[in-house]
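The values are calculated or read from the model by the stated rules, or taken from the named source; none is laboratory data. In this text, all values refer to a predicted model and were calculated from it rather than measured experimentally. Cβ placement follows ideal geometry from the backbone for every residue including glycine, while neighbour counts extend to all protein chains displayed.
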Amino acid sequence: MRALITGGAGFVGSHLSELLLEQGHEVFILDNLSTGSIANIAHLKAHPAFHYTIDSVDNEPLLAELVDQGDVVFHLAAAVGVKLIVEQPVHTIETNVRGTEVVLKHANKKKKLVLIASTSEVYGKNGAVPFTEEADLVLGPTTKHRWAYACSKAIDEFLALAYWKEKKLPVVIARLFNTVGPRQTGQYGMVIPTFVQQALAGRPITVYGDGTQTRSFTYVGDVVAALAKLAVEPRAVGRVFNIGNPHEITIRELAERVKALTGSSSPIVTIPYEQAYEAGFEDMPRRVPDTTRLRELIGFEPTVQLDEILERVIEYFQKR
Ligand code: UDP
């Protein structure tokens with residue numbers, strides 16, 4: 001297939017580009033390098049089936065042409081990272097909503113399949129883990145900017161599903177749980193690259209809140225393998241899928257694991273949420289995916305577990 005990946009120079013996008021090229025597909029990426037980087041795709045530039053354009057999805061004539069050239073769009077371009085979202089709420093909402101709007105509009109002209117990367121953040125404060133795709137989205141008030149991210153992604157999902165229902169545009173929604181691995185940057189707040197860099201530098205490892213909150217981390221290679229399979233599975237169209245590894249760990253345990261695996265002497269410190277983010281910041285206590293739907297459709301099983309993920313991330317930062 002000829003695949004367009006918006007956000008293709010980002011963390012997930014660059015891994016997806018790599019996989020699709022390995023599978024023999026032709027890959028076109030569009031990225032404005034807002035959070036992605038040329039370094040992420042430097043090793044792909046010489047590949048004859050890899051084409052990159054550094055521009056924004058806001059450039060509609062260009063986007064229209066790129067969509068037209070391809071068979072499928074993986075729409076990954078978005079504002080991500082809780083720190084970025086809290087600090088730049090206008091950018092977050094505008095990027096996430098507008099980008100999806102224009103991608104769907106142009107894909108609809110010739111009914112090109114669109115796979116939308118959404119997020120487990122949409123489940124918000126729902127406490128009933130594990131989350132199935134039909135679970136309620138429980139968001140906080142609009143005065144707390146964190147929820148703008150979940151809300152903007154939920155609008156993207158509604159819009160994509162509306163295009164399917166009303167216009168028969170084939171769409172697939174993938175809700176990515178905390179996706180981690182080499183090339184993810186800690187710059188926008190993500191916990192694993194942050195902890196690993198702190199541990200390697202001998203700086204304090206900063207656990208926010210009391211550290212009893214949990215997350216389930218999924219290796220980026222497992223995530224992009226699932227995305228690639230969903231894009232060629234006709235039964236996925238018009239549906240929502242969790243992509244995640246159900247293995248759950250508290251953030252304090254994660255800090256201890258990183259410290260042990262790096263052999264670091266860094267102290268583990270706790271920082272109140274209001275200091276780390278903003279006053280009144282709300283975190284979700286647990287986040288675990290139910291991946292039954294994905295397993296039943298494409299046989300999804302995570303292949304890389306947490307310790308191995310951490311080892312790969314540690315090695316990545318050591319090499320840099
Ligand atoms: N976190 C932390 N220290 C950090 C960065 C993040 O304790 O330096 C916590 C954060 O508060 C959250 C969890 O780690 O509870 C995962 O954060 P991340 O930003 O990676 O993803 P989220 O699941 O919040 O989108």
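Summary of computed values
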quantity	calculated
Failed condition for VAL240, given (1) within 20 Å of THR119 (Cβ to Cβ); (2) part of a helix (DSSP H, G or I); (3) away from the ligand (no atom under 14 Å from the Cβ)	(2)
Residues located in the range 151-175, provided they are free of Cβ contacts under 8 Å to residues at least 12 places away in the same chain and either under 13 Å from VAL103 (Cα atoms) or touching a strand residue (DSSP E or B) at 6+ places or on another chain (Cβ under 6 Å) (or both)	none
Residue satisfying condition, being within 16 Å of the ligand (Cβ to nearest atom), farther than 29 Å from GLU134 by Cα and either under 20 Å from the mean Cα position of the chain (by Cα) or modelled with pLDDT of 95 or more (or both), within set VAL258, VAL223	VAL258
Test set (1) over 19 Å from PHE11 (Cβ atoms); (2) surrounded by fewer than 17 Cβ atoms within 10 Å (Cβ to Cβ) - VAL103 fails condition number	(2)
Given (1) surrounded by fewer than 21 Cβ atoms within 10 Å (Cβ to Cβ); (2) more than 27 Å from VAL191 (Cα to Cα); (3) modelled with pLDDT of 95 or more, number of the condition ASP58 does not satisfy	(3)
Residue, nearest to LEU254 (Cα to Cα), within the range 211-238, restricted to residues that are surrounded by fewer than 17 Cβ atoms within 10 Å (Cβ to Cβ) and basic (Lys, Arg)	LYS229
In the range 129-173, residue surrounded by the fewest Cβ atoms within 10 Å (Cβ to Cβ) [restricted to those that are in a helix (DSSP H, G or I) and of a type in the set (A, V, I, L, M)]	ALA162
Residue check for VAL97: outside any strand (DSSP E or B), β-branched (Val, Ile, Thr), at pLDDT 95 or above and surrounded by 15 or more Cβ atoms within 10 Å (Cβ to Cβ)	yes
Pairs where the first residue, in the range 284-306, is free of Cβ contacts under 8 Å to residues at least 60 places away in the same chain and buried (at least 17 other Cβ atoms within 10 Å of the Cβ) and the second is β-branched (Val, Ile, Thr) and part of a loop (DSSP other than H, G, I, E, B), C-beta under 6 Å, 6+ apart	none
Conditions (1) within 29 Å of GLU121 (Cα to Cα); (2) modelled with pLDDT of 95 or more; (3) crowded, with 18+ Cβ neighbours inside 10 Å; (4) in contact with a helix residue (DSSP H, G or I) (Cβ under 9 Å, 6 or more places away or on another chain): number failed by LEU84	(2)
Selection from the range 174-219 of residues that are part of a loop (DSSP other than H, G, I, E, B), more than 8 Å from the ligand (Cβ to nearest atom) and over 14 Å from the mean Cα position of the chain (by Cα)	GLN187, GLY202, ARG203, PRO204, ASP210, THR212
